[in-house]
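A.B. asks: Could you have a look at this structure, given as structure tokens, before my questions?
Each value in this text was obtained by applying a stated rule to the coordinates, not by laboratory testing. Quantities reported herein were computed from a predicted structural model and do not represent experimental measurements. Please note: Cβ atoms are built from the backbone with ideal geometry, for glycine as well, and neighbour counts cover all protein chains shown.
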């Protein structure tokens, strides 16, 4: 009979840790982390809807009575069939539109009612979006940023923030797992909890042709590198870039936290 040698308990425990710890590190390095699950900002994926469909989506979102609706998209030129969209924009008072201050002139919606905000991003030396401004310069005047415009519609106390072009660090709450996100199909089919959008900051914008829960980036359109690419993920892949609408949500989160 072969004798079985006993192994000290300490050795067994050490070997178990050697096997388990690398797996834990591997999993945690690819899983998005959140500072918190922040449900005061809700994102609605508008996908690749046309203007009439966007108008219908805005109308449907407004039924849930959010505090403010921000649409991350610029209607720079007139198109045939804009009647439905124009009617929606005229009837939704708590809607903030996007503009771009890139270059010398501001590009905004041709039927805007002075309720636009700049959605331009600042790139640091690593070509990452790591800071934000409350105001941008355009034609020798200051244009309010989209996040601040949204926040002022949400809470008038944000109107007291100083008008300047200072840069502030973005406090990234996290990626797509850190805010409630719903697809336009769920909203249009009334498959949304009544309290999810009610009295909230609701941002509409492109998050993929069809938002896929669990995947932070679907498609390559309107995505930007952020500091989370290196911090949260240990492999390099453009899928780790962040959609512009989600970056705007993180900037809004930053302004809230930095002014509490």
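A.B. asks: For a footprinting-style exposure proxy, rank 254, 157 by other Cβ within 10 Å, fewest first.
C.D. replies: 157, 254
A.B. asks: In nanometres, what is the gap between the two model label sites at residue 80 and residue 124, each 7 Å from Cα along Cα-to-Cβ?
C.D. replies: A separation of 4.9 nm, rounded to one decimal place.
A.B. asks: Ranking 210, 120, 194, 140 by Cβ neighbours within 10 Å, fewest first, what do you get?
C.D. replies: Ordered from fewest to most neighbouring Cβ atoms within 10 Å, 210, 120, 194, 140 come out as 140, 194, 210, 120.
A.B. asks: How much length, in nm to one decimal, is gained on full extension between residue 87 and residue 160, taken as 0.36 nm per residue of separation minus their Cα-Cα distance?
C.D. replies: 23.1 nm
A.B. asks: Starting from the 7 Å offset along Cα-to-Cβ, what nm value, one decimal, do you get for the label separation of residue 37 and residue 198?
C.D. replies: Going from the residue 37 label point to the residue 198 one covers 1.9 nm.
A.B. asks: Moving on to the next point. Return 34, 176 ranked ascending by Cβ neighbour count within 10 Å, so the fewest neighbours appear first.
C.D. replies: Ordered by Cβ neighbours within 10 Å, fewest first: 34, 176.
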